[in-house]
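Here is the structure we will look at, set down as structure tokens.
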Amino acid sequence: MICVGIRPLADIARWIARPFVPSHYLLSRDDREPAELLAIRDENVRTRTLVLRPRRPRRRHRAGQFVRVDVAGVHGWFAITSGEDRFDGELEITVNADHDRWLYAAPPGSTVLLGIPEGDFVYTPLAPTPTLMVTGGAAITSVIGMLRTFATRDAMPDVAHVHVCASRADALFGDELAALAARFASYRPTTIYRTDDRRPLDHTRLGELVGDWASRAVWLAGPPRMQAAIAAAWAAIDRVAALHIARPPGESAGGTIVLRGDPATPLLDTAEAAGFAVRSGCRIGVCRSCVVTLRRGVVRDLRSGQLTGEPGARIQLCVTAPRDAECDIEVAP
Amino acid sequence: MTATEHDQLARSLDDLAAEVRRALGDADRRYIRRVIITQRILELGGRAVIFASLPLAAIGWFWPTIVIGTLSLALAKIVENMELGHNIMHGQWDWLGDRRIHSATWEWDTACASELWKQSHNIVHHAWANVVGRDRDLGYDILRVNAVQPWRFGFAFQPLYGIVLALLFEWGVAFYGIDFDAAKRGDLSGRGLSGQFALFRRKALRQLVKDYVLWPALAGPWFAPVLLANLAANVIRNVWGFAVIFCGHFPDGVEVFTPGAIAGESRGQWYERQIRGACNINGGRLFRITSGHLGHQIEHHLFPDLPSRRYPEIAPRVRALCERYDIPYNTGSLVRQFGTTVRTIVRLAVTHRTRSCAS
């Protein structure tokens, strides 16, 4: 009886709230919506692709973004592997057949909960930009959506792609990458199999594989060690701005939170305004309840004016503010 | 231009954009908020004045009030579409980190669904600007706007289509979001095409219900005057949008390119094409805001995701670069740019000779 009554009311609320949605007014942070698990297909022995269709039409994702998937109380973040331009209302994630078994324990046709696609690991340049993609293992899922999008737009930028994986049996999307290379002269993939070649992927090695690596904008998706090695190579030539790194948003990055605020407002206020439940006490820099670890960004101590920018430093949220407006500050408890 | 000169041009323009991006801050944030608030006041105020015209009819003030209300609503829709919707959906304000003023979430007050617009405009038009056969904005499939397009019988009536398109512009744009070309190429599946149809239908219905059912219904017995005022506001917005947008790429002096000529173009060549393919319109502050800064079409095509209020400030430096590398910088008054556009549409309806691309 209640269900019958609420539906039209919800519709009216949607009309009144337009162009927003009613939940924006309720300040709810739960943006999850049900989606149907349409199909499961094998990619290789260790990976499977899940095709999902949200029950209500929703905004398209950007290739390279992550989405939170909830099944029966368990959740995880996954890179969306389908391209941007499909418009068929479906999206795909490619997952590990062992670790992520919980995802497809239910048969096709069952319902999962999907969050809003998130993350700024997206390909934005319109002007031709020489690009280097570096991917390790399963993290290739973060760039395959971009490559698929370029293909459906029939416009492949100049992309050199270095992919590292354990063995031939583990190579993901191998045939598809080869087909893309055959179709577009400007796409040049190189795959390194760790079974044959164990040399580290440092700047010397990059120089051998991609002669002009230093002048390229980089999209990097791989395990933490690989990220650190590549980031170091780019930091050495002072080109960090050209480096894009795939990181799942929210908690899966080890419980970190990312904040943006203005230089005059304590990060504690910014975090609370953004809806994060942060531990705090005196709010004047005495009790140290709100001490966190700085992971990324530069902050200023509002009392002394002292700047701190090294990852790993312990900072007090209530008396620190970002040095620059509009810059990400990432902190972990 | 030599390859080195193209590289220099690209570097100069990249540095210019990076400099502006570093300087973005509170002044920009205040600007966009102020435009949004002004637009909301104009819209709600306009609708309120339209409603007020009905009781005021008793003292003979019906016409002045309903005209003022309609103009205010039309201005609100113009500012929303041009300075807010178009620019926010380009991602010009994504750096704010505000989910409500973001290309991923903004929905605008026009018939075209934002998701379809971002595809047909941001991707197809901007990446392929003025490339014959790829940039669908080159005549929108129904007009012959450049002599390189071969004449066919249908074009003989194009001055008439132009007038109809101006009046119904939002519907032209909305329908145009459905990418039949991509479906023909095989890059958009059948289900993808019907997905685009569904987006079109949903947004069109919402716009129709909002302006022609819900708001008039709120006026009760005066349903018809409110409906007609809303219709008039939409048509005024359509004609203005049509005029500004047609001045972007069709006035005299604009250049077009063949797909062959741009194959493998460098970053510098891409920038050069964006400059040669776009036209600026001179105007003051009010014109800049009501045109969404599209009077700076050249700067917009170079840096589509740079906040529009910064275009006037970089324009002299872009122009200086054009002079240094001898690239024409096409600018003129609205009368000159729109006049030559209209002349071209009329002339190309009757002259059959096909020109080949200069490049």
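Sorted fewest first by neighbouring Cβ atoms within 10 angstrom, B:ILE345, B:ILE59 come out as B:ILE59, B:ILE345.
Using DSSP loop states and a limit of at most 15 other Cβ atoms within 10 Å to flag chymotrypsin sites (Phe, Trp or Tyr not before Pro), what is the longest stretch of chain A containing no flagged site? Before the final figure, lay out each step's value.
On the way: sites that count: A:PHE20, A:PHE276.
Between exposed loop sites, the widest span is A:21-275.
Would you list A:HIS75, B:HIS296, A:HIS203 from fewest to most Cβ contacts within 10 Å? Display every interim value, and only then the final one.
On the way: A:HIS75 18, B:HIS296 26, A:HIS203 15.
Least crowded to most crowded, the residues run A:HIS203, A:HIS75, B:HIS296.
Scaling the Cα radius of gyration of region B:205-308 by the globular reference 2.2 N^0.38 Å produces a ratio of 1.54. With a cut-off of at most 15 other beta carbons within 10 Å, and DSSP calling the residue loop, which chymotrypsin sites (Phe, Trp or Tyr not before Pro) in region B:16-82 qualify? Please list them. Sites meeting the loop and neighbour criteria: B:TRP61. Could you tell me which of rounded, prolate or oblate describes region B:57-199, using a ≥ b ≥ c as the square roots of the eigenvalues of the alpha-carbon gyration tensor, with rounded for a/c under 1.5 and, failing that, prolate when a/b is larger than b/c and oblate otherwise? Cα axes put region B:57-199 in the oblate bin. Rg and Dmax, both from the Cα atoms of region B:1-129 and both in Å, are 20.4, 73. With a simple spin-label model that places each label point 7 Å from the Cα along the Cα-to-Cβ direction, the separation between A:ASP154 and A:ARG59 comes to 3.0 nm. Residues A:ASP170, A:ASP98, A:ASP202, arranged from fewest to most other Cβ atoms within 10 angstrom of their Cβ, appear as A:ASP98, A:ASP202, A:ASP170.
How many percent of Cα pairs in chain A exceed 24 Å? Of all Cα-Cα distances in chain A, 63 percent exceed 24 Å. Sequentially through region B:107-115, phi angles give Karplus couplings (6.51, -1.76, 1.60; θ = phi - 60°) of 10, 9, 8, 7, 5, 6, 5, 4, 5 Hz, Gly and Pro residues having no value and appearing as x.
With each label modelled as a point 7 angstrom along the Cα→C-beta vector, the B:ARG152-B:ALA58 pair spans 6.0 nm. Here's how it looks for A:ALA97: its modeled amide H is under 5 Å from those of A:THR47, A:ARG48, which are all 5 or more places away or on a different chain. For B:LYS77, the lysines whose Cα falls under 17 Å of its own Cα, not counting residues fewer than eight places away in the same chain, are B:LYS203, B:LYS210. Sites listed here are trypsin sites (Lys or Arg not before Pro) in region A:265-312 whose DSSP assignment is loop and whose Cβ has at most 12 other Cβ atoms within 10 Å: A:ARG279, A:ARG288, A:ARG303. Computed 3J(HN,Hα) for region B:207-223, one whole-Hz value per residue from the Karplus formula 6.51 cos²θ - 1.76 cosθ + 1.60 where θ = phi - 60°, is 5, 4, 5, 4, 7, 10, 10, 5, 4, x, 5, 5, 8, x, x, 9, 3, glycine and proline marked x. The radius of gyration of the Cα set in region B:228-288, together with its Dmax, comes out at 16.6, 52 angstrom. Cα centroids of region A:70-113 and region B:1-78: 41 Å apart.
Inter-part distance, region B:211-265 to region A:157-216, computed on C-alpha centroids, equals 47 Å.
Per-residue ellipticity at 222 nm from helix content only, as computed over chain A with -39500 (n - 2.57) for each DSSP H run of at least four residues, stands at -6000 deg cm²/dmol. Using the Cα gyration tensor of region A:216-333, with a ≥ b ≥ c the square roots of its eigenvalues, what is the shape: rounded (a/c below 1.5), prolate (a/b larger than b/c) or oblate (neither)? Note, shape of region A:216-333 comes out prolate.
For the Cα trace of the protein assembly as shown, dividing Rg by the Kirkwood Rh returns an Rg/Rh value of 0.97. Test of understanding: extend the Cα→C-beta vector of A:ILE237 to 7 Å, then name every residue of region B:1-40 with backbone N under 17 Å from that spot. Answer for region B:1-40: B:11.
Rounded to whole numbers, the Karplus 3J(HN,Hα) couplings from phi for region B:251-260 are x, 4, x, 6, 10, 10, 9, 9, x, x Hz, using 6.51 cos²θ - 1.76 cosθ + 1.60 with θ = phi - 60°, and x at Gly and Pro.
How would region B:65-139 be classified by its alpha-carbon gyration tensor: rounded, prolate or oblate, with rounded meaning a/c under 1.5 and the a/b versus b/c comparison settling the rest? Walk me through the intermediate numbers first.
On the way: a/c = 2.82, a/b = 1.39, b/c = 2.02.
Cα axes put region B:65-139 in the oblate bin.
Taking amide H atoms as placed 1.01 Å from N in the peptide plane, the amide H of A:SER289 lies under 5 Å from those of A:GLY281, A:CYS282, each 5 or more residues away in sequence or on another chain.
Quotient of the Cα radius of gyration of chain B and 2.2 N^0.38 Å, N being its number of residues: 1.04. Note on region B:257-322: percent of Cα-Cα distances in each 10 Å bin, starting at 0 and stopping at the bin with the largest distance, equals 21, 49, 23, 7, 0.
Throughout, read-outs are computed from the coordinates displayed, never taken from laboratory work. Keep in mind that this is a model prediction, so the values were computed, not measured. Heads up, the Cβs are rebuilt from the backbone with ideal geometry, glycines too, and the neighbour counts pull from every protein chain shown.
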